[in-house]
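First the structure, in the form of structure tokens, and then the observations on it.
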Amino acid sequence: MKQRGFSETDVRHMLFAFDRIQPAADFGRWLVDSNLDQRPWRIVLEPDHQDRTIVVITAYPVGPLL
């Protein structure tokens, strides 16, 4: 997270105010489109059915850097 310039709090904010969610090409994973600091981001999620939680696999900015 530190390398990409966001924190756990940022991820929570992005998940709370997401724009779109869709199934990923990898079965069982989901893609969440959101924004952070007025830039588009994508978060990859995977449900853990046994623990009844959702695991954040990764998050990354989408599009060119300005």
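Would you be able to say whether some residue in the stretch 45-58 is touching a strand residue (DSSP E or B) at 6+ places or on another chain (Cβ under 8 Å) and either among the aromatic types (F, W, Y) or at positive phi (or both)? No, the stretch 45-58 has no match at all. Only residues that are out of contact with any Leu (no Cβ under 8 Å at 6 or more places or on another chain) and either more than 24 Å from P64 (Cβ to Cβ) or surrounded by fewer than 15 Cβ atoms within 10 Å (Cβ to Cβ) (or both) were counted in the stretch 22-34, giving 4. Just one of the listed residues (D19, D10) is touching a strand residue (DSSP E or B) at 6+ places or on another chain (Cβ under 6 Å) and open to solvent by 100 Å² or more (accessible area, probe 1.4 Å), and it is D19. Tallying residues that are of a type outside the set (S, T, N, Q) and exposed (fewer than 11 other Cβ atoms within 10 Å of the Cβ) within the stretch 49-59 yields 3. Looking only at residues in the stretch 1-51 that are of a type in the set (V, I, T) and at pLDDT 95 or above, the one that is farthest from G63 (Cα to Cα) is I21.
The values are calculated or read from the model by the stated rules, or taken from the named source; none is laboratory data. Predicted model, so just to flag it, every value in this text is computed and none were measured. Cβ: placed from backbone, ideal geometry, glycine included. Neighbour counts: every protein chain shown. These area figures cover heavy atoms from the full protein model, side chains too; ligands, DNA and RNA do not enter into them. Shrake-Rupley method; radii C 1.70, N 1.55, O 1.52, S 1.80 Å.
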